Structure formats: C-alpha cells, structure tokens
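Peer 1: The structure follows.
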There are 2 protein chains.
Amino acid sequence: MRDVLGSGFVIPVGGAEEKVGDIMILRRFVALCGGPSARIAIIPTASELSDTGQKYATLFTTLGAAETVVLPITDRSHAMDPNHVEPLEDVDGIFLTGGNQLRLSTLIGGTDVARAIRRRNASGVHVAGTSAGAAFLCEHMIAFGREGASPRAKIVTLAPGLGLTNRVIIDQHFRQRDRLGRLLTAIGYNPFAIGIGLDENTAAFIGPDNNLEVVGGGSLTVVDPSEITFSSMARVRKNDPVCLIGLRLHILDHGSTYNLHTREAAPAPAIALRV
Amino acid sequence: MRDVLGSGFVIPVGGAEEKVGDIMILRRFVALCGGPSARIAIIPTASELSDTGQKYATLFTTLGAAETVVLPITDRSHAMDPNHVEPLEDVDGIFLTGGNQLRLSTLIGGTDVARAIRRRNASGVHVAGTSAGAAFLCEHMIAFGREGASPRAKIVTLAPGLGLTNRVIIDQHFRQRDRLGRLLTAIGYNPFAIGIGLDENTAAFIGPDNNLEVVGGGSLTVVDPSEITFSSMARVRKNDPVCLIGLRLHILDHGSTYNLHTREAAPAPAIALRV
C-alpha cells in the first residue's frame, strides 16, 4: 500500500474514452497510479465480451504501467474467491470496464471483492470506472431509465452501488444519450446528492479532498439541488412532468474543477490546460 | 381593438399540441381571445403543407371561436399585401403554425404583416405560435442547431425573430429532440436573455406583466443565466465543450409560473390545476 495516509481517487468516466491518439483520461489514470511503477487490476464484469479485460490490460501496459491483472469475475462465487480478492491487496489502481451496471451490482454487490475495493480505496488505491463502471462507483447507482431532456416521474430506477462516495449520482454517455431528464429525476428523489452527467471521453477525477477535476474532450454537467425550494416529485404520477424549482447548473470542461463539499465550480486555470 | 390599455399575451407552444381529447392549450388560447366572440387570424407560412391553416381554422371554430381567417402568405409580396395586413386589425388573436422558422423570418421579417403583428400585440391582441411559430415570436430566434444535452461552441445559429419579447430565447420539441445543449449555447452567446425550453404539448402563456404560466402536458425548462460567474464561450473553438458556471435551472409543469422580471418561479398553486 503506497498511501496509507489518505483515500484514493474515485474516477468515473463517461464511456467511450479515447484509446488511440490523445489518450488523455487513461494516461492520467496510469500516471496517478504511479506511472512506471503502476500496478492495475481490471474488473471486466460489466462486459459480456470475453476480451474486454485483456484489451484494457494491453492498453495500460502500452501507457507504461508496470503490471496489470485481469479479474475474470462472471459469477458471484468468483467475487468471493480469494484468488480474485488477494490481487487487490497489491495494486495501486482498480479499473471497472463498461457494459451493464446491473451485472456489477448483482455479481459483485455484497461480496468480498466489493469489500476489498472499498477498503483499498479508503487506503489510497485509485478506483476508476467507465460507463457502467462509472455508474456503479457511487452509493446510489442509476440502474436504468428512460431518456429525454426533462425529468418525468419515476422514469429512473436507482440501485445500491459500490459506495465509494455518496456525494454524487453519476450518469454517463450524457450528451450522447440525452440523459439530463433521468439524472434530474434521480436527484429529485432525494436532493441530498449532487448530479454528475459525464459526456463520453470525459472523466471526473474526484480527490480525497472532494475536489473534482474534469479531464477529457466533453462536458461534465453538475446539477446541484441543494437550493431547491420546491419539488413535486412526491405527488406526480408515473411519466408525468416533474416540477423542480431552484436547481443550480454548471457545465464544466477540461481543467475545470468542482468542490463537492463547498459546491463551488471554477474554470480551468489557464488556456494551457485546454484539450 | 378590445384592449387598448395593455399588451396582449405572447404564447409560445412547444409543438405537437393536443388537437383531440384534452385540447388544453388551444382551448385556453381561444378563451383568452374572447371565447364565443373570438376572432383569430392564422398564419401558416412556416408550413409547406397547403391545408395547415385551414385545419387550425376548423379547430378554432370547433373550440368556439366566432371567426377565423387564414392568411396564405407564401411570398414576401403577400406579406406586404393590404389584403393580408388589414384582417389583422379586426382580430383578437393571431396564431402562427409550425413548420420551418426560417420560412417565417425570411418571408415575413421586415414586412407590413410583421409590423402589424407587433403593433397589434402591443395593443392587446394575443399572439401564439407553435413549434417554428414559437421560435419566431422572440427577438432572438434559434434558427437551427445541433442537438445533444450539453452545449458546444457555435452549434446554434440565431437569427432576428418577430421581436414580441427580447426577454427569452425559446426552443421547442425540447425533451423530444434533446435540445438543452443548443439552448445553453444560445444563452451563452449573451446571457442577458432567459432560456425557455418547451416540451411538446406545452405552452408558456406570457402575460403583459411578464408573468409566465405553464399550460400543457409536458415540462417547461427555464435556464436563467443572470448569475453566471464564468463562460468560456468566447475562447472555445467550434464543437468544443463550453464551460458555463452558475446557471439557475427550473423545471416547471402545468400551472407553475415564472416571472421574467423578478426571475422567480412558483409551483402550481393547487392540485386542482394539475393536468
């Protein structure tokens, strides 16, 4: 364990991150994990393709990581198997691939692997997830829902996620799949959490200080419901429009930051940080 | 002229308003124009279908209007023809159909018909427009743009509209066509105006006191940029993400109100007003 003093980063990625050319997000993840000394575990459980894990392993090696290990968990028993838990003790980073987030929550939820990821993240290991892997990182996971720009009653279903943070609810492929409505509905259920909408090829690097930095080629949409003065969520029928008054909205690009504690956003400090 | 003391309502409708069953929006428009005494002019210029005007005329008659007149303006010379200007002197309401808003701005912009509509609205005549007709009502019209949930630099093109209000920029088919991004981009160009996103079968009844009431089965999205603390709009390249910090967002349903002057939203006063 390289950093017993603090928690590791939590890094949701909006899916379809660049893998050739300007590999901004994955390169930053490898560097954060130690660059040439980085040891990274890959959990391809969300995916039903057999080569997803190995593709990321090859990519992380290309990006300079020292060691990679793929944990082929496709069954709950695999997630209780010490052979899949022990490797997590010796890595600097853990990466959850995309696919279907319900595969992650149903196969890993409540298992030794889930407990190990939480414990290791608390001890300084960085945990990233893309697409379904991003949705799964937080305490309240968007399992599925209907798309569209405006919220409708009961169009989104939450499920317990991995629980690395409960400050945010994450949606991904945000611009590409038109998901503002379902994120607003999710936030509307209980406005304690902050809604984070991640475009494709866009990541939030959330540090142990709860400061989030945007990395990538798209936008990160922040919906802060802390000043809501009215919500009709409790009285509307399924698929009806929902009235939500007083939301705060920030659209952030590469290099911008957002503090999940103070709820303040700041632009990228300089043009040099632009994509 | 029934009301020389005040301006008439301006009523943008998000398109696809109900025409059978619960004809909430058009019925409210006819009632506002005087119900059994209502005289309504229909301008079908946005549409390239020859029967669009007559269909609305029949519908308004069914809803109890006393008189309807269709102004078949398909050429700029028609919009300078006294035969099309004079009927506007004797109506209580004017309705602009959907189609292509560039047909409205290119065929009616700067003509006697446009001047007559503005003058009559200032004298108390109510002016409604659906879809393209809604976009055209305001001073700054969204002519066309790319879709998607987050704003991108230069993805939307504004053109001068009819100019009945300059307080709002309107986008329509909002939920159905995923237009938050282009509305945010339009607002980002100059954050003086308020962004109004109208779902289908949803209208804003904007009174002469600048109080707006939502009528219909969908949502009205308000984006208030007055508290923006940072915008990267001036420095980003075409199609790049845009950073916009400090937007206020309200999602309003049937019966909710928004004051364009104070920028305060209020929920529907009672369950009785629900759809």
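Peer 1: Return the Rg/Rh ratio of segment B:41-108 with Cα-based radii and a Kirkwood Rh.
Peer 2: Here the Rg-to-Rh quotient is 0.95.
Peer 1: A follow-up question, please. In the protein assembly as shown, what is the count of Lys pairs whose alpha carbons are under 13 Å apart, counting only pairs at least 8 residues apart or on separate chains?
Peer 2: Taking the protein assembly as shown as the scope, the lysine pair count is 4.
Peer 1: Would you mind finding the longest exposed-site-free stretch of chain A, with exposed GluC sites (Glu not before Pro) meaning DSSP loop and at most 14 other Cβ atoms within 10 Å?
Peer 2: A:49-226
Peer 1: Under the convention of a label 7 Å out along Cα→Cβ, give the distances in nm from B:Asn239 to the same position in every other copy, shortest first.
Peer 2: B:Asn239 label point versus its equivalents elsewhere: 3.7 nm.
Peer 1: Still on this structure, I have one more. Determine the per residue accessible area of segment A:10-273 with all protein chains present and a 1.4 angstrom probe, expressed in square angstrom. Please list the in-between numbers first.
Peer 2: Numbers: 9050 Å² over 264 residues.
Spelled out: the 1.4 Å probe surface of segment A:10-273, per residue, equals 34 Å².
Peer 1: In addition: Can you list, shortest first in nanometers, how far B:Gln54 lies from the same residue in the other copies, with each label 7 Å from Cα toward Cβ?
Peer 2: Its label point is 6.8 nm from the equivalent points in the other copies.
Peer 1: What three numbers, in Å, describe the spread of the alpha carbons of segment A:65-179 along their principal axes, ordered from the longest?
Peer 2: If we take the Cα atoms of segment A:65-179, the spans are 45, 29, 23 Å.
Peer 1: Quick one: compute the contact order of segment A:10-273, relative version, from alpha carbon pairs under 8 angstrom and 6+ residues apart, as a percent.
Peer 2: Details: 685 pairs, mean separation 46.0, N = 264.
Value for segment A:10-273: 17 percent.
Peer 1: Once phi is turned into ³J(HN,Hα) by the Karplus curve 6.51 cos²θ - 1.76 cosθ + 1.60 with θ = phi - 60°, what whole-Hz value does each residue of segment A:129-138 show in order, with x for glycine and proline?
Peer 2: Coupling constants for segment A:129-138: x, 10, 6, 3, x, 5, 4, 6, 4, 8 Hz.
Peer 1: Could you tell me what % of all Cα pairs in the protein assembly as shown have separations over 47 Å?
Peer 2: Pairs farther apart than 47 Å: 21 percent.
Peer 1: Taking the label point as lying 7 angstrom from Cα along the Cα-to-Cβ axis, what are the distances from B:Pro160 to the corresponding position in the remaining copies, in ascending order and in nanometres?
Peer 2: Result for B:Pro160, in nm, nearest copy first: 6.3.
Peer 1: Return the value, in Å² to the nearest 100, of accessible area buried between chains B and A (probe 1.4 Å, both sides summed). Numbers along the way, then the final one.
Peer 2: Details: alone 11780 and 11800 Å², together 19820 Å².
Using a 1.4 Å probe, the pair buries roughly 3800 Å².
Peer 1: Then there's this: Please give the FRET efficiency for B:Gln54 paired with A:Arg237, using the beta carbon to beta carbon distance and R0 = 35 Å, rounded to the nearest 0.05.
Peer 2: 0.45
Peer 1: Can you pull the percent of Cα pairs in segment A:6-137 with separation above 26 Å?
Peer 2: 11 percent
Peer 1: Follow-up. Express the carbon and sulfur contribution to the solvent-accessible surface of segment A:10-273 as a percent, rounded to the nearest whole number, probe 1.4 angstrom.
Peer 2: With neighbouring chains kept in place, the figure for segment A:10-273 is 51 percent.
Peer 1: While we're here: Under the Kirkwood approximation for Rh and a Cα-based Rg, what ratio Rg/Rh is obtained for segment A:10-273?
Peer 2: 0.97
Peer 1: Nearest 500 deg cm²/dmol is fine: what mean residue ellipticity at 222 nm does the protein assembly as shown get from its DSSP H runs of n ≥ 4 alone, each adding -39,500 (n - 2.57), divided by its residue count?
Peer 2: That comes out to -6000 deg cm²/dmol.
Peer 1: Now for a separate question. Send over the semi-axes of segment B:168-227's equivalent ellipsoid, whole angstrom and largest first, taken as the square roots of 5 times the C-alpha gyration tensor eigenvalues.
Peer 2: Semi-axis lengths for segment B:168-227 are 18, 16, 7 Å.
The values are calculated or read from the model by the stated rules, or taken from the named source; none is laboratory data. The structure presented is a predicted model; accordingly, all values stated were derived computationally and were not measured. Positions of Cβ are generated from backbone atoms using ideal geometry, with glycine treated the same way; all protein chains shown enter the neighbour counts. Ligands, DNA and RNA are excluded from the accessible area calculation, which covers all protein heavy atoms including side chains. Shrake-Rupley method; radii C 1.70, N 1.55, O 1.52, S 1.80 Å.
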